[in-house]
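The structure appears right after this line, and notes come after that.
The values are calculated or read from the model by the stated rules, or taken from the named source; none is laboratory data. Worth saying up front: this structure is predicted, and the values here are computed from it rather than measured. Reconstructed Cβ throughout: ideal geometry from the backbone, glycine too, with neighbour counts over all protein chains shown.
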């Protein structure tokens with residue numbers, strides 16, 4: 001997939017630390033937040049490790065890159081959710097190249113969880129509050145007369161970046177990293193196989209397909225292809241695992257029933273075509289095993 005490799009765009013200005021409320025770091029159950037000086041030093045250390053990891057990844061030194069990304073995540077304060085989401089997504093990219101599908105799924109999931117925490121903790125990203133703020137701003141604008149600005153003054157300097165523009169940029173960055181993490185997790189789940197993983201990969205692809213404008217054309221084609229191929233694979237994996245489970249249950253049941261001269265062959269499962277449910281019929285003539 002084209003989303004497997006970290007890009008230079010994965011280095012984005014982090015949200016202001018003061019704009020998050022939930023903190024994962026703790027000492028004796030108490031929330032911990034670093035001083036501005038400590039945080040700045042940790043962020044610089046994390047960014048340096050991440051930049052080195054990006055270089056190693058580009059040169060196809062995936063294990064070395066993974067080690068450096070681990071250094072980057074360990075240095076990054078736990079309450080800086082966006083930078084951590086980026087690093088976890090890049091860790092997932094390394095695991096894809098190393099074909100470690102279990103760790104790919106875990107790292108991509110950690111990236112998505114970090115983005116969820118960011119959206120929950122940053123009040124600017126909460127749609128209800130943002131809508132109220134936008135309505136309030138609109139009402140205030142309606143009450144203010146048009147200000148007369150000279151042509152020279154209007155050309156003197158660019159307009160300052162508004163809070164709304166910052167939020168839109170952050171939302172776009174979140175969506176970009178979310179798409180990368182979903183693509184990587186879907187890849188890991190598809191490669192790992194099994195009913196649970198394949199069903200999860202299908203759900204990831206559905207989430208991606210719901211936002212086609214956020215995907216590169218190559219990624220969109222991959223998602224559409226997977227949505228065609230995954231359903232029969234999910235069904236086949238389900239039937240296989242259900243068959244294996246029923247076989248194990250049958251063996252267990254035979255062990256329990258044998259002392260009584262019975263076996264699971266004495267019991268027949270009958271499907272009700274109207275409800276889709278099953279009922280059990282006793283067959284006295286069944287041969288014990």
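In region 88-102, the residues that are in the same structural domain as residue 61 (by TED's automatic domain parsing) and modelled with pLDDT under 95 never reach a residue that is surrounded by 24 or more Cβ atoms within 10 Å (Cβ to Cβ) and in a loop (DSSP other than H, G, I, E, B) with C-beta atoms less than 6 angstrom apart, at least six apart or across chains. Residues in region 174-212 that are surrounded by fewer than 20 Cβ atoms within 10 Å (Cβ to Cβ) and within 16 Å of residue 118 (Cβ to Cβ): 2 in all. A count restricted to region 217-239 and to residues that are in contact (Cβ under 8 Å) with a residue 60 or more places away in the chain and surrounded by fewer than 13 Cβ atoms within 10 Å (Cβ to Cβ) stands at 1. Among (1) within 24 Å of the chain's Cα centre (by Cα); (2) closer than 22 Å to residue 104 by Cβ, there is one condition residue 241 misses while meeting the rest; what is its number? Just one mismatch for residue 241, condition (1). Evaluation of residue 87 against the conditions (1) closer than 21 Å to residue 173 by Cα; (2) crowded, with 22+ Cβ neighbours inside 10 Å; (3) more than 19 Å from the chain's Cα centre (by Cα) shows that the sole unmet condition is (3).
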